[in-house]
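Colleague: If you scroll down you'll find the structure; I have some questions about it.
No lab work stands behind these numbers, since they all come straight from the coordinates. In this text, all values refer to a predicted model and were calculated from it rather than measured experimentally. Here the Cβ is made from the backbone with ideal geometry for all residues, glycine too, and neighbour counts use every protein chain on show.
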């Protein structure tokens with residue numbers, strides 16, 4: 001049962017050191033990306049991780065260094081210096097569904113060892129977390145724009161939707177360029193009416209590239225921020241005085257096994273290498 | 001206690017009756033500092049020399065609340081921070097001698113007396129260190145009063161004066177705070193001093209562009225409303241860079257009765 005019963009108690013817990021105060025963050029970006037197109041999710045997505053301990057694309061350092069443990073940490077305030085204008089930011093957990101080969105056609109998805117869905121206690125019960133499927137290019141593509149569909153080559157289940165229904169995808173994701181840069185990320189298309197996935201089970205490479213590989217992630221948004229104009233405004237998430245919503249900074253937990261979960265910033269932006277973000281976050285333990 | 005926080009009328013009345021402490025500072029980080037690593041805090045930080053010591057209040061004033069703090073930074077994409085700092089102790093990197101400081105103070109927070117921990121505990125190079133990737137082990141009392149826990153950090157080689165390394169990412173499993181440091185050891189070194197400060201944060205502000213002023217009013221944004229006492233020391237820090245830089249700061253301390 002939570003112990004944060006009032007704002008005054010929140011302050012007192014924080015003063016005692018029961019939480020995670022003022023985690024100063026400094027991000028690094030992954031360099032120049034290939035912009036999305038209508039057939040590749042519309043949004044050009046970029047992962048930003050901690051500037052120390054990150055080597056893109058494979059080694060991603062958590063943007064916040066949380067104290068070890070599993071008891072909830074309630075996010076109070078997140079403030080970021082957003083030097084790129086007109087840019088939505090998400091603080092998000094990304095969970096690795098698996099990897100995708102882009103150089104051969106057919107069933108080319110290899111699932112991570114962890115069993116999905118990832119679970120989070122919400123409103124007192126353990127619930128499956130719906131995630132946004134995202135592809136991260138880990139080896140740049142060449143020669144041909146790869147095309148993917150979330151299904152097996154034989155027409156079997158591609159993903160489990162937000163309600164737990166096995167779904168055979170019909171929509172295609174087409175790389176926006178025959179040379180899609182490493183670290184470029186895009187959201188994968190879902191069937192009409194679906195808004196997230198509990199799991200990705202299969203992805204067919206319909207059209208292969210001469211080179212290329214990808215990691216498939218599931219994105220769980222924690223907090224939303226926005227930069228209205230460049231170099232002029234902080235992005236602020238205020239979970240105390242703003243939204244009366246203090247999300248849990250701990251990751252969701254795999255049904256079995258250990259998920260590869262990373263706490264990162266996700267930006268939706270243009271193709272240029274993005275400037276980095278600095279800022280801070282505070283959270284209080286809720287046990 | 002805490003009258004100044006109770007209402008705007010109380011705040012205005014206290015200011016009118018007892019006055020306020022207002023100061024403006026200009027400080028320069030004149031030397032390059034050393035970047036953090038994954039074994040020494042994860043985020044690069046530096047401390048500005050100097051600071052401000054809160055004057056002793058005159059009865060019936062019992063303390064002060066910082067109602068306004070503005071900082072102007074020189075470089076974009078860095079973050080400025082001001083905090084009340086408690087000297088928890090220091091280690092001579094030549095002799096290995098630990099000189100104990102003070103435990104984190106007890107403060108009244110929203111009407112309750114609280115045994116505090118540092119919101120952040122930092123290792124500051126207060127005399128330039130000569131040491132090859134020294135392993136520094138800190139023995140501390142945690143947020144629940146348990147003694148004997150330890151945090152181990154491997155610092156960069158010979159960190160420069162005013163380099164700062166955050167201790168908290170390296171706490172023992174399950175710990176979230178430090179009330180007191182009881183011992184510090186080092187594995188190598190022939191010169192220098194590292195001082196450990198426990199910080200109670202007044203305000204943190206990212207700087208969007210060169211010479212921008214922080215826009216984040218801490219009063220209404222969920223930061224712990226610390227009431228400070230005479231003798232408390234305000235220090236200023238910068239994160240995200242190792243270069244030389246200047247800072248201008250202005251703040252107001254309102255009397256608390």
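Colleague: Mind checking the angle between helix A:7-16 and chain A's longest principal axis? C-alpha axes, 0 to 90 degrees, to the nearest 10.
Modeller: With both axes taken from Cα atoms, the answer is about 90 degrees.
Colleague: Let me check against my output: what whole-number percent is the relative contact order of chain B, with C-alpha pairs under 8 Å and at least 6 apart?
Modeller: 41
Colleague: Still on this structure, please answer the following. Using the scaling law 2.2 N^0.38 Å as the reference, what is the normalised Cα Rg of the protein assembly as shown?
Modeller: 1.03
Colleague: How far, in degrees from 0 to 90, does helix B:8-18 lean away from the longest principal axis of the Cα atoms of chain B, to the nearest 10?
Modeller: It is inclined by approximately 90 degrees.
Colleague: Sticking with this structure for a sec: If you take all C-alpha pairs in region A:138-214, what percent of them are over 16 Å apart?
Modeller: For region A:138-214, the fraction of Cα-Cα distances above 16 Å is 50 percent.
Colleague: Another question, if that's okay. Report the Cα centroid-to-centroid distance between region B:75-149 and region A:12-74 in angstrom, as an integer.
Modeller: First find each Cα centre; the distance between them is then 26 Å.
Colleague: When the convex hull of the C-alpha atoms of region B:90-184 is computed, what volume per residue in Å³ does it have?
Modeller: It comes to 99 Å³ per residue, whole-number rounded.
Colleague: To the nearest whole percent, what portion of all C-alpha pairs in region A:53-182 is separated by more than 27 angstrom?
Modeller: I get 36 percent for the Cα pairs in region A:53-182 exceeding 27 Å.
Colleague: Average partner chain C-beta neighbours within 10 Å, per residue of B:173-180?
Modeller: That works out to 5 on average.
Colleague: Sticking with this one: Quick check: Cα centre of region B:155-175 to Cα centre of region B:179-207, how many Å?
Modeller: Cα centroid to Cα centroid, the span is 7 Å.
Colleague: For chain A, what size does the Cα cloud have along each of its three principal axes, sorted from largest down, in whole Å?
Modeller: So the three principal-axis extents are 58, 42, 32 Å.
Colleague: Based on the Cβ-Cβ distance of residue B:28 and residue A:194, what FRET efficiency does E = 1/(1 + (r/R0)^6) give at R0 = 41 Å, to the nearest 0.05? Write out the running numbers ahead of the final one.
Modeller: Working: r = 57 Å, r/R0 = 1.38.
So the FRET efficiency works out to roughly 0.15.
Colleague: Within region A:168-187, list the residues whose amide N lies under 16 Å from a label point set 7 Å along Cα→Cβ of residue A:210.
Modeller: Within reach of a label on residue A:210: A:177-181.
Colleague: Next up: What is the packing order of peptides B:22-28, A:161-167, A:125-131, A:219-225, taking the mean over residues of other C-beta atoms within 10 Å and listing the highest first?
Modeller: A:219-225, A:125-131, A:161-167, B:22-28
Colleague: Same structure again: Rounded to the nearest 500, what is the 222 nm mean residue ellipticity of the protein assembly as shown from helices alone, with -39500 (n - 2.57) per DSSP H run of 4+ residues and division by all residues?
Modeller: -1500 deg cm²/dmol, from helical runs alone.
Colleague: Could you tell me the calculated FRET efficiency between residue A:172 and residue B:16, based on Cβ-Cβ distance and R0 = 60 angstrom, to the nearest 0.05? Could the numbers behind the result be given before it?
Modeller: Numbers: r = 70 Å, r/R0 = 1.17.
Efficiency for this residue pair is about 0.30.
Colleague: For chain B, state the semi-axes of the equivalent ellipsoid (square roots of 5 times the eigenvalues of the alpha-carbon gyration tensor), sorted largest first and rounded to whole angstrom.
Modeller: Rounded to whole Å, the semi-axes are 31, 22, 15.
Colleague: May I pose another question? Using only atoms on other chains, find how many Cβ atoms lie within 10 Å of each Cβ of peptide B:77-84 and report the average.
Modeller: 3
Colleague: Length gain on complete extension for the stretch residue B:9 to residue B:250, per 0.36 nm per residue less the alpha carbon to alpha carbon distance?
Modeller: Fully extending the segment from residue B:9 to residue B:250 adds 84.4 nm.
Colleague: If r is the Cβ-Cβ distance from residue B:160 to residue A:111 and R0 is 56 Å, what FRET efficiency results, to the nearest 0.05? Intermediate values should be presented prior to the final figure.
Modeller: Details: r = 48 Å, r/R0 = 0.85.
So, using R0 = 56 Å, E works out to roughly 0.75.
Colleague: How do A:105-117, B:185-197 rank on mean C-beta neighbours within 10 Å, highest first?
Modeller: B:185-197, A:105-117
Colleague: Using 0.36 nm times the number of residues separating residue B:243 and residue B:106, minus their current alpha carbon distance, what extension gain do you get?
Modeller: That pair, residue B:243 and residue B:106, stretches by 45.8 nm at full extension.
Colleague: Once you place label points 7 Å from the Cα toward the Cβ at residue A:256 and residue A:126, how far apart are they in nm?
Modeller: Spacing of the two 7 Å Cα→Cβ label points: 1.3 nm.
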